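One structure is given here, and the rest of the page talks about it.
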Amino acid sequence: MNSEDFNREFIAAKDSAYRYAITLLHDRHAAEDAVQDLYEKLWRRRILIRATGFRPLVMTSMRNMCLDRLRSQRRGGMRLDIAAADKRTSVAEYDAVENVELHTLVRRLVEALPQREREVMHLRDMEGMDIEQIAGITGSTEQSVRMALSRARCRVREGLLNIMNHGL
Amino acid sequence: MDSELLPRLLGRYYRGETTLAEEEALRSHLAQRAEAGTADTLTPEGRAAAEMLRLAETERKTKVVIRLHEAPARPWRIAVATALSAAAIVAVAVTLNRPTVYGYVNGRPVTSLAEARTCTEDLFSDMHAGKADRTAPLREILDIE
């Protein structure tokens, strides 16, 4: 990989890393900070990482950094935005926002998924990664990734069907 | 996409079994139906998948701007590194240039190979010629010839 290729891959992976950080941290500003910090570190070590696949490295590093930040927030006793993800969004809540677009509702359903399912769904649907890569990044097996992906899609589908049945 | 393939593909999509190419084909087909105004004819599962794939498509456009800064030069680090390197070179040079001590004569180190050889030859020739019988005191004590 020459210097130009490296720079192209380096820049191309930043948006993926940012979207992944948003999914993990549930906070756009915190995600921006995390990407900025990660890229500062990687930029300083760019000579060492030229030979390896860059995107999986960025995504794995981004995941580790975000999980570290979530853990330190938890230790510091701060309220976590991520906690909101475990809360199941009720149909009644959606009834109150009838004017909101279906698109926004799908996003809210995805955000309400458990962290692991949300993460797998993000890497697959938003980043277009294959199952093997996702298993590598999340440190799990391909079978487990498929199950999490299936559960995530089915949960979102059930949520949407509920909304549709309520006349939205 | 025929009417039989779509439900089959949707079933596989919800089971997490579709390939990336199949998901792209599904997304493209559902998007075309939405554009053509025939999305209402889709099953609820089809509409749900269409919305999920549309969200993914939109989210993919999210961008971030980052600012990268070169690490500032730190002169003191260069100075420390230079000093340590110089000290290491001096230590190696001193170690390599230290004369070899072949032995000691009356407490004085013998560093010349020629002198060491001469001293050794003198010592062994004395013993061999019996000029100085160094074993005499021992033989006297042990009372042997």
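If only residues of region A:43-52 that are surrounded by 13 or more Cβ atoms within 10 Å (Cβ to Cβ) and away from chain B (no Cβ under 11 Å) are counted, the one that is modelled with the highest pLDDT is A:Ile49.
Highlighted here are the helices (runs of 4 or more DSSP H) found entirely within region A:111-168 that include at least 2 residues which are of a type outside the set (Gly, Ala, Ser), over 14 Å from the mean Cα position of the chain (by Cα) and within 8 Å of chain B (Cβ to nearest Cβ): A:142-165.
Taking helices (runs of 4 or more DSSP H) that do not extend beyond region B:5-112, which have at least 3 residues that are β-branched (Val, Ile, Thr) and more than 30 Å from A:Leu42 (Cα to Cα)?
B:75-97
Please find, among A:Glu40, A:Glu32, the residue that is under 19 Å from B:Lys61 (Cβ atoms), modelled with pLDDT of 80 or more and among the acidic types (Asp, Glu).
From the options A:Glu40, A:Glu32, the qualifying one is A:Glu32.
The values are calculated or read from the model by the stated rules, or taken from the named source; none is laboratory data. On a predicted model such as this, the values are computed, not experimentally measured, just so you know. Positions of Cβ are generated from backbone atoms using ideal geometry, with glycine treated the same way; all protein chains shown enter the neighbour counts.
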